[in-house]
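A quick write-up on the structure given underneath.
The values are calculated or read from the model by the stated rules, or taken from the named source; none is laboratory data. Note that this is a predicted model, so its numbers are computed, not measured. Heads up, the Cβs are rebuilt from the backbone with ideal geometry, glycines too, and the neighbour counts pull from every protein chain shown. Accessible surface areas use protein heavy atoms only, side chains included; no ligands, DNA or RNA. Shrake-Rupley method; radii C 1.70, N 1.55, O 1.52, S 1.80 Å.
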Amino acid sequence: MTGPMAALSTSASRVNADGKFFRLGGKKFYLKGLAYGPFAPNEQQEMFRSHEHTALDFQQIRELGANLLRVYYVPPRWFLDLAAEHELKLLVDVPWPKHLCFLESEKSKAVARDAVRKAVAACQGHPAIFAYSVVNEIPAEIVRWSGVRAVTEFVDELVDDARSVDADCLCTFTSFPPTEFLRPQNIDFVCFNVYLHHRKPFENYLARLQMLADTKPLVLGEFGVDSIREGEERQGELLAWQVEAAFGAGLAGTVIFSFTDDWFRGGHQIEDWGFGLTAHNRKPKESFWTVQKIFRAAPAFPLARYPKVSVVVACYNGERTLKACLDSLTRLHYPHYELILVDDGSTDSTPAIAKEFPIVRCVRQDNYGLSVARNTGITAATGEIVAFTDADCRADEDWLYYMVGDLLRGEFVGLGGHNFLPPDDSFVAAAVMVSPGGPAHVMLTDREAEHVPGCNMVFYKWALEEIGGFDPVFRKAGDDVDICWRLQERGYRIGFSHAGLVWHYRRSTIPAYLRQQAGYGGAEALLMRKHPEYFNFFGRGVWRGRIYTASKFGVILQRPMIYHGLFGSGFFQRLYVPAPAFLLMFCTSLEYHVLVTLPLLVLSVSLDPLLPVALASLCISLGVCAAAAAQAELPKKKQRIWSRPLVALLFLLQPIVRGWARYNWRLTVRSQPPVFKRAVSQEYLDDLESSQQAGYWSDGGEDRYAFLNRIFSKLEADGWQHKTDTGWSDHDVEIFGSRWSRLRLTTVTEELGQRKRIFRCRLKATWSLPARITFWSVCGAELLVIGLLAPSHPWVWMLLLSMSVLGWWLEQEKRDMLLWIAALLDEVAAEQKLVKILPGRKPDKPPTGIGPEPMTARHETAERGVEP
């Protein structure tokens, strides 16, 4: 290459994939492309027009506003130079006989490989090259004949062949709906040819393709309208909304088929179709001017409106990444937003970093935890929409544009988006990303989510205020899950934006990752207490939707299923991927180690035959972790020889650390009620224990729900851990007392007419889970000892006495719990001037006194001090 083209820098002119988009020279590069050719062979027998005619075409193409051409033959050097002069990029389809059963012989496979290598060698390093498509539209029946896995692996091999010539070239495989199930791993972006002329199916299919593309850019490789059958006006209308819908859905680019009606295929000129924007003689059709207008507006089509957005960043000691976070947020391509940093009591240089960004409003508070910090941000927000990201994230410059756009278009009160591993993050962080327990979104459909991660989510402010914001009990994690579930319980929907992305720095050391997982374990215990309907017996979440994350959450054992249609003729042939083998993953859980492996190892000390069984159990756990690490999709540029062993180690440690934290919280949580002394009549005490009821007379005023709300406020004020009904319980609130007792409170109203009513309260005190585990463990151990030693040591029967003492003590704890809550109810009733009724009794006539029934001299009183 000589002349001015030689001065072009290959690195500066090369397009790179960046998350869901492409970049050229540091700026985003959106494909506004046209299919070009093939044409009848020129004098050099090339499937392109002459140099002079091509130059005229390129001038017209630039006038149209396109920046990319998709060509179906490898272009000669003069064509590449001419494209670069006109600032056009080329997506080169590599032609080879893909319509034959190419996997049937080594010769046909060698032909394909050779074609790919030669194509890349011919174009290597040229600034006009955007990417290579190693194959275009393999017939579905060929794939069905040869096997999906074999074809997929061969496509990946072709990509490797291309990179063996040019290591940094972009590669793709162009698919279409009949081969939707083909999912090569080595491609840099996903490219699909789609011809759908109705808007709703078109938009729905783009959403589906975004789910298939996942973290890779999505390009619409071909779409178009035949003006002969549809008419030129109709052609322009369809292309206009298709381009707008594609960029609105977050695609990285589109390629319209085609520039001209002039098309040569199969050895002859095609005359009976008119997909071009120009006629055979290059005369522009009406659609040409429509596309010109739409290309000038693309990709940032105006939103219906631009509501003010308050971006809230909660930060605690985030100095390592905070500067990059705030810097990215000050560069957002959105006209109306504010930045609020909530410094949650940081002790590092966070305040100093915040001062470097005058545009950022910093609110400093004591360290109350993540939820309180986010609530502080909501209170300070003046926007209609509140967006949340974390201090260890940096936002894509179009983050708010896509998030707000999808929120306005959908019937959602909030939505979330992707969080990607930054290219500059560490190799350990890459291993952490594909290990279990990372931030994930859970999808119910291609657009609706069950859960979105807290590092990337937006909500209407009114929706957050309606449910009272984030629950302060979640100090480190779990707040995002809770907020999504609470909104959904109210009938609202959460959406997902495929293009509204942030870059999320992962934990860069193993101890930091394990501390994070321990925090998640405690959050799970809190969530289970608040939303038990979403959890199984072991405290693990049961999701309705499908989890999407870099970590596969386990080992895939079943083969995917494909709907091919009758005789392989289906136009949309879908791949149904099985869920990970969660039952097999149980072998890595804390419960499995405690209940199976550890007892076997202990018993094998005295029973030698159990040693092989114990070792086999341990090997199963290690094998599952190794298999999960082998299936992990580590980024190729972030792999080291130790990466997969590290992932296997994290698959082993994570369930133990997270499970231990979850059980530790569940077994140790207890309330800290105030110490008090209260005179209680023996008659009242006996009635309360026998009936487990309390009653209060109301002579008008508030209803049961107001009474309950006052009880909840009192519980909160006095420091009682409690969980209110979410619609799934047969009680109003569960209250957690000491470590050994729980109480469920149920209320009912008896309407007596003339606004007079009785509030009845059922107080059902029970042993807590730790109490039951302790009691039955002690009983089991003592009975085992009695069974083994009683014949020779009769004194061991005395152990039965300790069992009785333990049971009596636990019953006393339960009794204390009953008295505590009865006293609390009396206080609430007294504040509201309700008349107390003795347990289980109904007055013959309305009480005349106001306030709790006074104690009389005839009642023997017993002073009882109660404390946890």
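A few notes on this one:
- Rounded to whole numbers, the Karplus 3J(HN,Hα) couplings from phi for segment 202-207 are 4, 5, 4, 6, 4, 5 Hz, using 6.51 cos²θ - 1.76 cosθ + 1.60 with θ = phi - 60°, and x at Gly and Pro.
- With DNA, RNA and ligands ignored, accessible area of T445 (1.4 Å probe; Å², nearest 10): 70
- Sorted largest first by accessible area at a 1.4 angstrom probe radius, with every protein chain in place, the residues K200, K20 fall in the order K200, K20.
- Net charge over other residues, Cβ less than 12 angstrom from the Cβ of S50 (K, R count +1; D, E count -1): -3
- In the complete set of protein chains, residue-level accessible area for Y195 is approximately 80 Å², probe 1.4 angstrom.
- Placing +1 on the Cβ of every Lys and Arg and -1 on the Cβ of every Asp and Glu, with no other charges, gives the chain a dipole of roughly 920 debye about its Cα centre.
- Ordered by 1.4 Å accessible area with all protein chains kept, D699, D471, D261 run largest first as D699, D471, D261.
- For segment 289-436, the relative contact order works out to 30 percent when only alpha carbon pairs closer than 8 Å and six or more residues apart are counted.
- Greater than 19 Å apart at Cα, pairs in K20/K636; K216/K476; K723/K764; K461/K714; K308/K355; K98/K118: K216/K476; K461/K714; K308/K355
- Antiparallel DSSP beta bridges within the chain, as percent of all bridges there, nearest 5: 55
- Sparse-neighbourhood loop sites, chymotrypsin sites (Phe, Trp or Tyr not before Pro) in segment 271-366 - DSSP loop, at most 14 other Cβ within 10 angstrom: W273
- For K836, the lysines whose Cα falls under 16 Å of its own Cα, not counting residues fewer than eight places away in the same chain, are K756, K845.
- Straight-line cross-link partners of K283 among the lysines, defined as a Cα under 22 Å from its Cα and at least 8 positions apart when in the same chain: K32, K293.
- Summing +1 for each Lys or Arg and -1 for each Asp or Glu among the other residues whose beta-carbon sits under 11 angstrom from that of T260 gives +1.
- Excluding same-chain neighbours fewer than eight residues apart, the aspartates and glutamates reachable from K638 by a Cα-Cα span under 18 Å are D18, D160, D168, D188, D424, D425.
- Compactness relative to 2.2 N^0.38 Å, alpha carbon Rg of segment 582-636: 1.35
- Every helix of 4 or more DSSP H residues in the chain counts as -39500 (n - 2.57), and over all residues that averages to -12500 deg cm²/dmol at 222 nm.
- Largest to smallest accessible area among M47, M798 [probe 1.4 Å]: M798, M47
- In Å², nearest 10: area of Y492 left accessible to a 1.4 Å probe: 60
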